[in-house]
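Presented below is the structure to which this report refers.
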Amino acid sequence: MENTAQQVQLFATSLAVGLLIGLERERKPDAKAGVRTYALTSLLGSLSALLAKDVDSGWVVALGLIAVGGMMMLATAQDPHDDGDPGTTSVVALMIAYGLGAAIWLGHDTLAVMLAIATTVLLYFKSELHGFSSRITARDLISVLQFGVLSFIVLPILPNSDFGPFNAFNPRQIWWLVVLISGLSLAGYVALRLIGTRHGAAMIGIFGGLASSTATTMIYSRHARRDSGLTAMAALVVLLANLTVLVRLALVALVVAPPLFHPLAIIFGAGFGAGLLFTLWVWLRLGQRTQMPTPEIANPAELRSALTFGALYAVMLMIAAWIQESAGHRGLYAVSLASGLTDVDAIVLSSLKLFNLEKLAAEQAVVAVALATLANLAFKTGLVVSIGGRRLASRTVPGLAAIAVGIGAALTFAL
């Protein structure tokens, strides 16, 4: 009885998967297969897998898949869609329903349900996906392809061994961190390209912080200088971009050095909370919404950018390890302050790596990361004052100072 109950449960899951996909396909007025056909096809997949196991031949499942695909193609050929749609999507969807039914019987029921939901989402959001593809430029596609090269071609072939002084140079680990930072930045870059100015300063500030907070700060300082009407909006963009950096660095710590996430989350959380209060005040004071220009930020997944960041990170790692060995943690703090002025990611990753190598204590690594972040905030404050002018500085500097004070106070309390 228990075996029968399990079999009934598997067939019920298969039926549910077919109904889910079929309900979406039923929305098409001239659909060649609706909710019943998809449900029956999914059940046929499970039944074919049952028979295949009993006769010990996978050809039963394969022949069933061929029959389902051929049947659907024949129906489409005899009665074409009025809108000229060749119907290939429905053919593939029905074959997927059959395959998911077979997968459920073969013990992959959880994965099959996940794939069924993903399939239904793809089918449902047809118009949105078409609009999405129309907004992607050749440059955006190249960005994604370059990230694929970084992640799936370069990364696997690099040796996973420690080299150099202090055994601090591991090519694969260094490149993995390059992929991590490039991936986060690419997400912000693509989002900026897609949203444009439709969702205003808030979204631009958040995604600008993911892509490059320094570039976003500099670009919107220039906009505020050229057009005083953009000052309030530019201030909001700059503040949100610099708040987003704190979240991004905390997530990087969670991935690279999980034991440091909690103390860094407390320190960054204090800065985030203090800065957020001032940012909300700036937001509430905004008058009529003004359309914001989208910042032009360099492609973060470009091979030249990735190689530059990888080289910078490797150099910083070597310097940090050498200074830590010769001058102790105080020397490393000086390096954190100096390097954080221009690129906070490299020194933060170097400090996290040294902690993983047990060359830095947790407290020392946290202090180094915090100092680099404070130095970077100071540098961007200088950008606002020197490029944006007095009007932008009066709206932005207090918020940046609030972030720095929050970080500094939490760091002092933690020590």
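Every number here is computed from the coordinates shown, using simple stated rules; none is lab data. Note that the structure is a prediction, hence the values are computed from the model and not measured. Quick reminder, even Gly has a Cβ in these numbers, built from the backbone with ideal geometry, and neighbours come from all protein chains shown.
Taken about its Cα centre, the stretch 2-131 carries a charge dipole of about 40 debye when Lys and Arg each add +1 at the Cβ and Asp and Glu each add -1 at the Cβ. Report note on the peptides 386-392, 359-365: ranked by the mean count of other C-beta atoms within 10 Å, highest first, their order is 359-365, 386-392.
Using a Förster radius of 35 Å, what is the FRET efficiency between residue 378 and residue 358 based on their Cβ-Cβ separation? Nearest 0.05, please. Display every interim value, and only then the final one.
Values: r = 31 Å, r/R0 = 0.87.
Result of the calculation: an efficiency of 0.70.
Bridging of residue 126 to lysines at a Cα separation below 28 Å is possible for 28, 32, once same-chain residues fewer than 8 apart are set aside.
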